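So the structure is just underneath, and the comments pick up after that.
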């Protein structure tokens, strides 16, 4: 598979793309009542379209039965589907720079973004580089790298975000790991350790929550996209 890697932390899968009109037709099958507001921004909403069922499988949103293109996206990845959401960011919305483990390649998760509705006015930064993720493209985002975005357009940006188990077959869809990748993983581990020590002193409850996420992700192979997490 051919790739484009404009900067460390994000990879475009050049051979895997989707018809934006078909993605948007599937999106239109969801209702306003399906959207959940996110606690960290009133501009950010999401619909969980797939989540673990607690029995080793995955439960799909009922409307997914009428969404063949979204289902085809899921089927394109040769790894266990962990979670998937449709995420929207309204005009004027932003998410500050951060790193997290939820879509981190070092945590054994392949996180893929498929833009459904977007505009060049949506500024998405990874490792300090501004990118435009066009509707229908497929991108792998390693969230252990710093990333942030802001919507300076007049449209609501909508992405399908899919988390899959990073199996050998999924890894084959991405560039081979090199020394810079290994150095980054050591660096990210040091950042996590330092943050853990800080929280142990300042906010033990927050530390316990992060440890639960880590255990769910790395030990039980459960993604942590769901809003209550």
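The values are calculated or read from the model by the stated rules, or taken from the named source; none is laboratory data. Because the structure is a prediction, the values reported are computed rather than measured. As a convention, Cβ positions derive from the backbone with ideal geometry for all residues, glycine included, and neighbour counts pool all protein chains shown.
A few points about this structure:
- Looking only at the range 68-87, and only at residues there that are part of a helix (DSSP H, G or I) and touching a residue at least 24 places away in the same chain (Cβ under 8 Å), the one that is surrounded by the fewest Cβ atoms within 10 Å (Cβ to Cβ): 68
- Index of the failed condition, residue 107 passing every other in (1) out of contact with any strand residue (DSSP E or B) (no Cβ under 8 Å at 6 or more places or on another chain); (2) under 20 Å from residue 70 (Cβ atoms): (2)
- Unique residue being under 26 Å from residue 166 (Cβ atoms) and either modelled with pLDDT of 90 or more or surrounded by 14 or more Cβ atoms within 10 Å (Cβ to Cβ) (or both) when the list is 90, 50, 65: 50
- Taken over the range 25-51, residues that are farther than 18 Å from residue 73 by Cβ and not in a helix (DSSP H, G or I) amount to 12.
Residues checked against (1) within 16 Å of the chain's Cα centre (by Cα); (2) within 17 Å of residue 91 (Cβ to Cβ); (3) modelled with pLDDT of 95 or more:
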site: 116; (1), (2), (3): yes, yes, yes
site: 121; (1), (2), (3): no, yes, yes
site: 129; (1), (2), (3): no, no, yes
site: 134; (1), (2), (3): yes, no, yes
site: 148; (1), (2), (3): yes, yes, no
site: 151; (1), (2), (3): no, yes, yes
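- Test: residue in the range 175-187 that is over 27 Å from residue 94 (Cβ atoms), in contact with a strand residue (DSSP E or B) (Cβ under 7 Å, 6 or more places away or on another chain) and either at pLDDT 80 or above or loosely packed, with under 14 Cβ neighbours inside 10 Å (or both): yes
- Which listed residue is in contact with a helix residue (DSSP H, G or I) (Cβ under 9 Å, 6 or more places away or on another chain) and part of a strand (DSSP E or B), from 95, 114: 114
- Any hit, the range 81-100, residues being within 26 Å of residue 181 (Cα to Cα) and out of contact with any strand residue (DSSP E or B) (no Cβ under 8 Å at 6 or more places or on another chain): yes
- Residue within the range 98-112 that is under 22 Å from residue 156 (Cα atoms), buried (at least 18 other Cβ atoms within 10 Å of the Cβ) and under 14 Å from the mean Cα position of the chain (by Cα) present: yes
- Selection within the range 9-24 - surrounded by 15 or more Cβ atoms within 10 Å (Cβ to Cβ) and either touching a strand residue (DSSP E or B) at 6+ places or on another chain (Cβ under 8 Å) or in a helix (DSSP H, G or I) (or both): 9, 10, 11, 12, 13, 18, 20, 22, 23, 24
- Filtering 161, 155 for residues that are more than 18 Å from the chain's Cα centre (by Cα) and modelled with pLDDT of 95 or more leaves a single hit, 155.
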